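Please read the structure below before turning to the comments.
The values are calculated or read from the model by the stated rules, or taken from the named source; none is laboratory data. The structure presented is a predicted model; accordingly, all values stated were derived computationally and were not measured. Cβ placement follows ideal geometry from the backbone for every residue including glycine, while neighbour counts extend to all protein chains displayed. The area values use the complete protein model at the heavy-atom level, side chains included, leaving out ligands, DNA and RNA. Shrake-Rupley method; radii C 1.70, N 1.55, O 1.52, S 1.80 Å.
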Amino acid sequence: MAYTPPETNAPQSAKSEKIIPHHKVKRAKVEAVNKAEKRSLYAARKKIHPKRATGTFRTIKWWVMAVTLSIYYFSPWIRWDRGPGIPNQAILVDITNSRFYFFFIEIWPQEVYYITGLMILAAIGLFLVTSTAGRIWCGYTCPQTVWVDLFLVVERFFEGDRNARIKLDKAPWSTSKLAKRVAKHAVWIVIAVCTGGAWVFYMNDAPTLIMDLYHFDAPLTTYFWICLLTATTYLLGGFAREQVCTYMCPWPRIQGVMMDEETLSVMYRHDRGEPRAPHKKGDSWDGRGDCVQCRQCVVVCPAGIDIRDGMQLECIQCSLCIDACDEVMEKIGRPKGLIAYDSLANFDRRAEKEPEKIRIIRPRTLLYTILMILIGGYMLHGLMHRADLEVNILRDRNPLFVTLSSGDIRNGYTVKILNKSHDIRKFTLSVTGLDHFDMRVEGVTEHTADGLPIIEVNRDRLRSVKVYLAVPKEDLTDDSLDITFIAKDMTSDSISENSTTFKGPKK
């Protein structure tokens, strides 16, 4: 179900006589920049000057902006003690050592499936939010929305609100205009640099990197990424703005799949607002709608749309039109909510004189919730019970075996022991499946009383050793024998068993 506004927006009486608008309502002479019937893939951008809105949803957006930006800018500076020799940055993508640290969680390259799981959880979470409350992600927490809001704050500070900015754009260049533009762009660039700098701090130890940057000792790749992210933030937040949401982002074109008639979205309640027309103080409201054609919903919209045209892909559902409309309704003494979060199903219910409903729990939302619980629970169980020891055995394939001068057959193996704990550990290495054999480990001089080699592995490190097994030729009953390497922690019960083969000449 989609709403198509009627061609006639005002009663005949409003067309036949001059109407004096309500004295408390300021009417804007503005048309929506983005309209469906005028949409073109190659249209030149028309600059939008959104007016500053006030109200409940604008306040929520201020708080969301403050929280999200604080998390982004300050998270790299949070410390988390993991022991000596290990990075103490709480959130760190350690590319050099192939690690991802997130507080008490440490992800190794072999555990990339956890990253995949997080991405799947994020996607399903976005589906759940969209099916429940429409594009609430786009309107409140999308980085593009947050940074555009921040850039608009700077723009309003130096150039004024909507009318002042429009006037300044049309004014000839002067010292005052140049000073305002230079100051605005200078602050934009500072914000963009901070944004790019904060991103690279997630890849390196933040206190160390900031000193290296200050003394110009940081790697060239770091400066490259800062410059690249600075440029993209500056261009997308300062100039492209709504163009990113309309043309670059795929989400507006696919989010409809997650929505249904019960999904809450920012909507103009045309069944209450039509027919629309200016209203004179003291006139009756009989035979007309509550919309007074003030167009305040249009002037506050950062996407440049008219919400009264119905649901549109350009709408990011920032809810600022709700604040603007509620303010007007309060001034003219009409109930708030002409523009509000509503569902298509409620339009049908009101038409049938049925009570309105908000149905959050539906088969669609239940499915997404169950999937999130299952995937999240499986990942949590894996993290809580994952082993702190991993051993891999790689048998030499060229040559498969070597015949020694004594007649014994020797195979070579590369044993990789991964110590995921934050303590130095010692492991014994033994072999089962062979009756008589001689084992030699390169670089290992320490052995147990039974003659087993002792391999020491540093904390949070992988150690690779070369192991040679020599077996008397007469003990080989086949050209391939199944054997098992057993690595055992000397201070705990942690054991890793790995099967492989011992190769010999064909019988």
Check the range 126-133 and report whether any residue there is surrounded by 12 or more Cβ atoms within 10 Å (Cβ to Cβ) and on the phi > 0 side of the Ramachandran plot.
no
Considering each residue of the range 134-150, count those that are in contact with a Ser or Thr (Cβ under 9 Å, 6 or more places away or on another chain) and open to solvent by 30 Å² or more (accessible area, probe 1.4 Å), and give that number.
5
Collect the residues in the range 401-418 that are surrounded by 13 or more Cβ atoms within 10 Å (Cβ to Cβ) and among the polar types (S, T, N, Q), keeping them in residue-number order.
Thr403, Asn411, Thr414
Would you mention how many residues in the range 324-364 are touching a Leu at 6+ places or on another chain (Cβ under 6 Å) and either outside any helix (DSSP H, G or I) or under 25 Å from Leu126 (Cβ atoms) (or both)?
2
Can you tell me which residues in the range 216-232 are among the hydrophobic types (A, V, I, L, M, F, W, C) and assigned to a helix (DSSP H, G or I)?
Leu220, Phe224, Trp225, Ile226, Cys227, Leu228, Leu229, Ala231
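Can you tell me which residue is modelled with the highest pLDDT among those in the range 37-51 that are surrounded by fewer than 14 Cβ atoms within 10 Å (Cβ to Cβ) and of a type in the set (D, E, K, R)?
Across the range 37-51, the extreme among qualifying residues is Lys47.
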Quick check on this structure: which one of Glu159, Glu111, Glu155 is acidic (Asp, Glu) and within 21 Å of the chain's Cα centre (by Cα)?
Glu111
Does Ile322 qualify as being at pLDDT 95 or above and under 18 Å from Ser265 (Cα atoms)?
yes
Single condition Pro250 does not satisfy, out of (1) farther than 22 Å from Gly337 by Cβ; (2) touching a Lys or Arg at 6+ places or on another chain (Cβ under 6 Å)
(2)
Condition met for Gly382 (within 29 Å of the chain's Cα centre (by Cα), modelled with pLDDT of 90 or more, open to solvent by less than 30 Å² (accessible area, probe 1.4 Å) and within 30 Å of Phe104 (Cα to Cα)):
no
Just one of Leu235, Leu213 is in a helix (DSSP H, G or I), more than 23 Å from the chain's Cα centre (by Cα) and either at positive phi or of a type in the set (A, V, I, L, M, F, W, C) (or both); which is it?
Leu213
So which residues in the range 389-426 are small (Gly, Ala, Ser) and at pLDDT 90 or above, if there are any at all?
Gly412
Give the range 425-451 a look and list any residue that's under 15 Å from Ser464 (Cα atoms), among the hydrophobic types (A, V, I, L, M, F, W, C) and part of a loop (DSSP other than H, G, I, E, B), or say none.
Val444
Close pairs from the range 80-103: first of a type in the set (Asp, Glu), partner open to solvent by 20 Å² or more (accessible area, probe 1.4 Å), Cβ under 7 Å, at least 6 apart
Asp81/Asn88; Asp94/Pro87
Filtering the range 355-374 down to residues that are open to solvent by 100 Å² or more (accessible area, probe 1.4 Å), within 19 Å of Ser265 (Cα to Cα) and hydrophobic (A, V, I, L, M, F, W, C) yields Ile358, Ile361
Residue count, the range 210-236 (criterion: touching an Asp or Glu at 6+ places or on another chain (Cβ under 9 Å) and open to solvent by less than 40 Å² (accessible area, probe 1.4 Å)):
2
Condition (residue is touching a residue at least 12 places away in the same chain (Cβ under 8 Å) and open to solvent by less than 40 Å² (accessible area, probe 1.4 Å)) applied to the range 168-179: is it met by at least one residue?
yes
Confirm whether Asp348 is open to solvent by less than 60 Å² (accessible area, probe 1.4 Å) and acidic (Asp, Glu).
no
Report, by residue number, each residue of the range 188-209 that is open to solvent by 50 Å² or more (accessible area, probe 1.4 Å), touching a residue at least 12 places away in the same chain (Cβ under 8 Å) and either β-branched (Val, Ile, Thr) or assigned to a helix (DSSP H, G or I) (or both).
Ile189, Val193, Cys194, Trp199, Pro207
Could you please let me know if Gly377 is modelled with pLDDT under 90 and either on the phi > 0 side of the Ramachandran plot or assigned to a helix (DSSP H, G or I) (or both)?
no
Condition first: touching a Pro at 6+ places or on another chain (Cβ under 9 Å), open to solvent by less than 30 Å² (accessible area, probe 1.4 Å) and part of a helix (DSSP H, G or I). Now tell me which residues in the range 272-321 satisfy that.
Val299, Arg308, Leu320
